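*Asks:* Quick one: the structure is below, and I'll ask about it shortly.
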């Protein structure tokens, strides 16, 4: 190994974690700045909400596309091109342009959310087995705690220099992430191919757009229920059409047959329900902290101070992510998922019964962070245990689409519950509405824990050191099986034994 190659190998893990952290933080920048965008650019709060929704939408659509491209020979180019798009989008958010250009910039920034799965693919391909598992767990964790890093910094910059100054944070860190990727990301292993089914991507985009639109436009549910039902049916039909086309396609965005594997399907159900519950509690605590004292509860914190409430979430989430690979050596990943769901449920219980002072709120946020960190670190182990290396990016990308939708629906659910608990003519909900939302969150985490325990009971053999169980062989990508058959044919022609 040359000096240059050794330097790249040493920088690989920190760079992968940094890139995952950056795209997560930049993608979540819309949340603490919604009010500032509405007042600065003179648009409604519903319109300003789209600075978050459009990033989630573009990320959800880009994730499976990038996952498929990342399974091919041009993964490094895909990563660099995507980060270049994010940098360009970050530039648009900083320039003093009309609101439509800000939305375009946020959409471009959201594309970066699809890079997390590619970071996992790089780690699995270019690190020893022991190091890759720990690195993948940490990449998964930082992709979630990135919100806790971005919130307070964005809030502080917004208070000091306005909304454009806050978005300048995104430009700075995405440019740094591009340089880190340029220096450290290696080329993909040889012998791989990847094709993108454009028609399937368009259908998926339509279905996800309707899902996220319904999740963000809460007033539709209370004032236009019939329209909401029609749009929900349309979203379901589009997603069903997408699944059917993926099953027929020789080059699917996501290997749906692999997703049907009990371990993968169960993990995605746990991520959907658990992700919704986790984001629900995150939404409840930050909103509760910013509620004025005059209402009878809350602490009246500024955007920056409310962002600091997320510090225990990020710190304990990272600690849990570091500890989980060690615990994973003794405890199966599905059991870790179940235990993590119970911890998050404990955070809901704390918030439901004790939130009279800020210390109790910080404790609940810390418990949430530890549970989310452990859950995120354990999740890849469930999926990758039955996934070939070449399909790492694709398999994890689908899981992150599920997570994005779960987060969006969790946030929307929280808004609907609080809106239902707001008396006519009042701006803020009753304190009891927060308790109701917490109880629903407890139920969601109970479902997640039961799903994870079911996974543990039906545990399948893992892939290790080149061996595969029969269940995995049956779901391998068609191009991988074809390449293996061609290799065997060549070996027979030259008279060499086939392993």
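*Asks:* Enumerate the helices (runs of 4 or more DSSP H) found wholly within the range 1-98, keeping only those where 3 or more residues are modelled with pLDDT under 85 and in contact with a helix residue (DSSP H, G or I) (Cβ under 6 Å, 6 or more places away or on another chain). Break it down into steps so the answer makes sense when it comes.
*Replies:* Working: elements: 3-27, 30-41, 45-70, 75-94.
Here the list reads 3-27, 30-41, 45-70.
*Asks:* Further question on the same structure: Looking at 369, 321, 346, 381, can you tell me which residue is surrounded by fewer than 24 Cβ atoms within 10 Å (Cβ to Cβ), in contact (Cβ under 8 Å) with a residue 40 or more places away in the chain and part of a helix (DSSP H, G or I)? Write out each step before concluding.
*Replies:* Numbers: 369 fails: surrounded by fewer than 24 Cβ atoms within 10 Å (Cβ to Cβ); 321 fails: surrounded by fewer than 24 Cβ atoms within 10 Å (Cβ to Cβ); 346 fails: in contact (Cβ under 8 Å) with a residue 40 or more places away in the chain.
Result: 381 is the single residue among 369, 321, 346, 381 that is surrounded by fewer than 24 Cβ atoms within 10 Å (Cβ to Cβ), in contact (Cβ under 8 Å) with a residue 40 or more places away in the chain and part of a helix (DSSP H, G or I).
*Asks:* Checking residue 423 against (1) in a helix (DSSP H, G or I); (2) without any contact (Cβ under 8 Å) to a residue 40 or more places away in the chain, which single condition isn't satisfied?
*Replies:* (1)
*Asks:* Are any of the residues in the range 265-272 in contact (Cβ under 8 Å) with a residue 24 or more places away in the chain, over 17 Å from residue 378 (Cα atoms) and surrounded by fewer than 24 Cβ atoms within 10 Å (Cβ to Cβ)? Talk me through it step by step, then tell me what you get.
*Replies:* Restricting attention to the range 265-272, the residues satisfying the condition of being in contact (Cβ under 8 Å) with a residue 24 or more places away in the chain are 266-272.
Cutting the leftovers down to over 17 Å from residue 378 (Cα atoms) gives us none.
No; the residues of the range 265-272 include none that is in contact (Cβ under 8 Å) with a residue 24 or more places away in the chain, over 17 Å from residue 378 (Cα atoms) and surrounded by fewer than 24 Cβ atoms within 10 Å (Cβ to Cβ).
*Asks:* A further question on this structure: Kindly establish whether residue 148 is within 26 Å of residue 375 (Cβ to Cβ) and without any contact (Cβ under 8 Å) to a residue 60 or more places away in the chain.
*Replies:* Working: within 26 Å of residue 375 (Cβ to Cβ): yes; without any contact (Cβ under 8 Å) to a residue 60 or more places away in the chain: no.
So residue 148 fails the test.
The values are calculated or read from the model by the stated rules, or taken from the named source; none is laboratory data. Quick caveat, the model's predicted, so the values are computed rather than measured. Every residue, glycine as well, gets a Cβ built from its backbone with ideal geometry; the counts of neighbours run over all protein chains shown.
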